[in-house]
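The values are calculated or read from the model by the stated rules, or taken from the named source; none is laboratory data. These figures come from a predicted structure and were not determined experimentally. Using ideal geometry, Cβ is built from the backbone for each residue, glycine included, and neighbour counts are taken over all protein chains shown. For accessibility, only protein heavy atoms count, side chains too; no ligands or nucleic acids. Shrake-Rupley method; radii C 1.70, N 1.55, O 1.52, S 1.80 Å.
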Amino acid sequence: MSQIPNLDNSPLNLKSIREQSQRELVNILNNIRGKKCLVIDPKLSGSLSLIIKSTILKENGADLRHLSAEPVDIDCTKVVYLVRSEFSLMRFICSHIHNDTSKGLQREYYVYFVPRREVVCEKVLEEEKVHDLVTIGEYPLYMVPLDEDVLSFELDLANKECLVDGNTSSLWHIAKAIHKLESSFGAIPYVRAKGKASVRVADILNRMQAEEPVNTSDMVMPGINTLILIDREVDMVTPMCSQLTYEGLLDEFLHINNGAVELDPSIMGAQQEGKKIKVPLNSSDKLFKEIRDLNFEVVAQVLRQKATSMKQDYTEMTTTNQTVSELKDFVKKLNSLPEMTRHINLAQHLSTFTSKQSFLSRLDMEQTLIEAQSYDICFDYIEELIHKQEPLVSVLRLLILFSITNSGLPKRNFDHLRRELLHSYGFEHIAMLNNLEKAGLLKKQENKSNWLTIKRTLQLVVEDTDTANPNDIAYVFSGYAPLSIRLVQQAVRSGWRPMEEILKLLPGPHSETKRGGFSGSPSFDTLHGASAAVDRVADGRRSLVLVVFIGGVTFAEISALRFLSAQETMAYDLIIGTTKIVSGNTLTETFMEKLG
């Protein structure tokens, strides 16, 4: 299991949320006396690894197994299933119970649904005639702290479910998670929402507050001042671009999963071959915390400086007489050597991808697509990639970018590229193309694109970006400022009212709500930069804004938000909530379905 992040420096007490989740799980195990087998849905094991150490589960009498079609082969009379409410998983559980019954095994079965039970799942258990043999419960894990300032609702498919399947159950889950935060930290006085799903979540949240009011009377100031909800659909340009921060690139090329990457030992300088090793990536690693949000161009430079400094210290140690306190300082520096080695190895491995001509020409093409003024060049480039049978996901990312910035493709071009894609990659991808069309990501052009207006008004392209000493969020994409973060920036600076016209050009409705209970709390419509120093909670900390992305957020966007939060003129600390951390690849893959 990957390392559990240290949450001591979180602007919100996320540690208490994690500890509550730990207690709830331990209580479930303790209420089932004696030795038991805990069978975990594989999709949940990553989330659990960020909540609780497997040793604690074992100390509470649990033998751990992953749920699969294979029967549970263990000498245990009590079996506890910890699963998401998914139809296919019920089939596995039923087959396990039938298998035990046929062998004459007598066991007690417990099924705990995460985060809540669903009627459709219980129906399967009834149909298979095992419902009466099972004790059913819930483990209400609605969110997982990924780091000091990031919460994940662990909803991998929320974007596709909302845009393609018409399934909005994830929206209730998101509202419930936020309402749980309100139970701990007080009702949030200001809510801004942009996008169909976000406005819906704001409405559900208000309904929850009416039905189960959060007591605000004993709180002078809420823990969270403002909630900003943004649909991923509002800005699908940003995730389709290649992230250029250190953490963003690690995710693009090595795929960060539950705060860790899995690599061949040789990449990390180990001699032995064989099993992949897990490298944790979170703010418990002080060096990673320092470099994660930097543009990758700068990372090698920072690592080089640190290595040079260490070398100089070593030379001084061996050539001059040192005092005890100087020796102590040197030993302290040596403690950071494993972190240095780890990130030098990772950066070196990343540079084998980023130095390739194919990657550099792709970056140029992304820039051209964002500029949206060279239609034929872009069309020919994408067509050539299809003919070369470049990886389908990377072709689709550019195609989606092309379609969005042009508000679709002329019918002739659309039909041509669609036909070429199916010829090159196989007709089994027709369902996926239909999904992308249904989601509005790849479509025929029906009206003139308003991308140029959006780009100009929000200053999405910033010339001469200084990646080493950035003064704008555009550094995370070397010149492109993420649209989603420009919206947050605007919301925090002066509210959304001054930009009503631009908001109307972006997908979905928007809303701004002032909720009851905190009439004395300042609205950030009135805040402008440093003059907002008045907006502090009682102990002198800055007030908090929770920014929630429905449909996923990229590491580059998180870096941009951290950059904003670090500005002296910023009146708020920012915490990020998301259905899942995504990249262009993982987001595109959710739409991929094969026929046959």
What fraction of the DSSP beta bridges in the chain is antiparallel, stated in percent and rounded to the nearest 5? 25
If we count GluC sites (Glu not before Pro) as exposed when they sit in a DSSP loop and have at most 11 other beta carbons within 10 Å, what is the longest stretch of the chain that avoids them all? 1-272
Centroid-to-centroid separation of the range 429-503 and the range 63-107 [C-alpha atoms, Å]: 48
Output wanted: per-residue J couplings in Hz (rounded whole) for the range 118-127, from phi through Karplus 6.51 cos²θ - 1.76 cosθ + 1.60, θ = phi - 60°, x for Gly and Pro. 10, 4, 4, 6, 5, 4, 4, 4, 5, 4
Equivalent ellipsoid semi-axes - Cα gyration tensor, the range 100-200, angstrom: 35, 18, 12
Between the range 171-240 and the range 551-573, the Cα center-to-center distance that results, in Å: 18
If you average the C-alpha positions of the range 244-272 and of the range 281-306 separately, how far apart do those two centres end up, in angstrom? 14
Taking loop as defined by DSSP and a crowding limit of 10 other beta carbons within 10 Å, which trypsin sites (Lys or Arg not before Pro) in the range 1-95 fit? 33
The answer for trypsin sites (Lys or Arg not before Pro) in the range 394-477 that fall in a DSSP coil and have at most 10 neighbouring Cβ atoms within 10 Å is 448
Return the carbon/sulfur percentage of the accessible area of the range 545-596, one whole number, probe 1.4 Å, all protein chains in place. 52
Looks like the range 1-98, by Cα gyration tensor root eigenvalues a ≥ b ≥ c and the a/c under 1.5 rounded cutoff (else prolate when a/b is bigger than b/c, oblate otherwise), is prolate
Helix-only mean residue ellipticity at 222 nm, the chain, DSSP H runs n ≥ 4 weighted -39,500 (n - 2.57), per residue, nearest 500. What is it? -14000 deg cm²/dmol
Pick out, in residue order, every one of the trypsin sites (Lys or Arg not before Pro) in the range 243-312 that is DSSP loop and has at most 16 other C-beta atoms within 10 Å; say none if there are none. 275, 276
On full extension of the chain, what length is gained from residue 264 through residue 43, given 0.36 nm per residue of separation minus the C-alpha to C-alpha distance? 77.3 nm
antiparallel share of DSSP beta bridges within the range 182-312, to nearest 5, in %, is 55
Calculate how many DSSP beta bridges within the range 88-193 are antiparallel, expressed in % of all such bridges and rounded to the nearest 5. 40
Rounded, prolate or oblate: pick one for the chain, where a ≥ b ≥ c are the square roots of the eigenvalues of its C-alpha gyration tensor, a/c under 1.5 means rounded, and failing that, prolate if a/b is larger than b/c, else oblate. rounded
Scoring the chain by relative contact order with C-alpha pairs under 8 Å, at least six apart, yields a percentage of 18
What are the residues whose amide H is under 5 Å from the amide H of residue 406, where those residues sit 5 or more places off or on another chain and H is modelled from the backbone? none
What whole-number value in Å² describes the accessible area per residue of the chain for a 1.4 Å probe? 45
Roughly how many nanometres apart are two label points built 7 Å out from the Cα toward the Cβ at residue 68 and residue 589? 1.9
When the accessible area of the range 245-297 is split by element with a 1.4 Å probe, what percent falls to carbon and sulfur? 48
Check the straight Cα-Cα distances from residue 306 and name the lysines below 24 Å, setting aside those fewer than 8 residues away within the same chain. 286, 289, 328, 332, 333
Taking 60 Å as R0, compute the FRET efficiency from the Cβ-Cβ separation of residue 459 and residue 99 and round it to 0.05. 0.45
Would you list which aspartates and glutamates come within 17 Å of residue 388, measuring only between C-alpha atoms, while excluding same-chain residues fewer than 8 positions from it? 380, 420
If I model a spin label at residue 310 and residue 504 as a point 7 Å from the Cα along the Cα→Cβ vector, what separation in nanometres do I get? 5.8
Within the set 78/275; 36/176; 194/278; 356/438; 176/196, which residue pairs have Cα atoms separated by over 27 Å? 78/275; 36/176; 194/278; 356/438
Rounded percent of accessible protein surface that carbon and sulfur make up, the range 36-82, 1.4 Å probe: 49
